[in-house]
Amino acid sequence: QVQLVESGGGLVQTGGSLRLSCAASGSISSILTMGWYRQVPGKQRELVAVITSGGSTNYADSVKGRFTISRDNAKNTVYLHLNSLKPEDTAVYYCNAHLVQMLFLVPKDYWGQGAQVTVSS
């Protein structure tokens with residue numbers, strides 16, 4: 001079994017900063033990509049940022065220059081540093097890992113439980 005456990009999030013004022021963490025554990029053979037998505041009620045979950053095992057990153061246009069994704073491969077942990085936060089960043093943020101479980105060949109997606117980020121104006 002594989003688990004993704006998120007931490008961080010909370011309430012912050014406009015212009016403030018937060019850090020989200022997500023640790024993957026369990027019978028993991030290899031993690032291909034780790035990333036963060038967010039969702040607000042009534043809308044589809046959208047990609048925020050993703051990072052490969054080699055460190056290549058991709059960001060949504062709306063967060064470029066403000067958010068930074070990083071990864072500690074030894075700890076199977078991904079981080080998201082959220083800076084210059086805006087009210088429109090308010091959402092539930094979900095961690096994602098695209099990984100191969102031990103004894104399996106095909107990678108699958110796993111999700112964290114979600115962390116609420118609220119930015120007040």
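Brief remarks follow.
- Projected over every direction and averaged, the convex hull enclosing the alpha-carbon atoms of the chain yields 7.2 nm².
- Solvent-accessible area assigned to carbon and sulfur over the chain amounts to 51 percent, based on a 1.4 Å probe.
- Debye intensity ratio in log₁₀ form over the Cα atoms of segment 4-51, taken at each q of 0.20, 0.33 Å⁻¹: -0.92, -1.22
- Segment 49-121: chymotrypsin sites (Phe, Trp or Tyr not before Pro) in DSSP coil with no more than 12 other Cβ atoms inside 10 Å: Phe104
- Cα-based reach from Lys86 at 21 Å (exclusive), listing lysines while leaving out same-chain residues under 8 positions away: Lys43, Lys64
- Across segment 85-109, the residues whose backbone nitrogen lies under 14 Å from the label position 7 Å along the beta-carbon direction of Ser27 are 100-106.
- Calculated SAXS-style log₁₀ I(q)/I(0) at q = 0.33 Å⁻¹ - segment 63-111, Debye, Cα scatterers: -1.25
- Accessible surface, the chain, averaged per residue in Å² (probe 1.4 Å): 54
The values are calculated or read from the model by the stated rules, or taken from the named source; none is laboratory data. This structure is a prediction, so every number in the text was calculated from the model and none was measured. Here Cβ is always computed from backbone atoms with ideal geometry, including for glycine, and neighbour counts include all displayed protein chains. We work out accessible area using only protein heavy atoms, side chains counted, and drop any ligands, DNA or RNA first. Shrake-Rupley method; radii C 1.70, N 1.55, O 1.52, S 1.80 Å.
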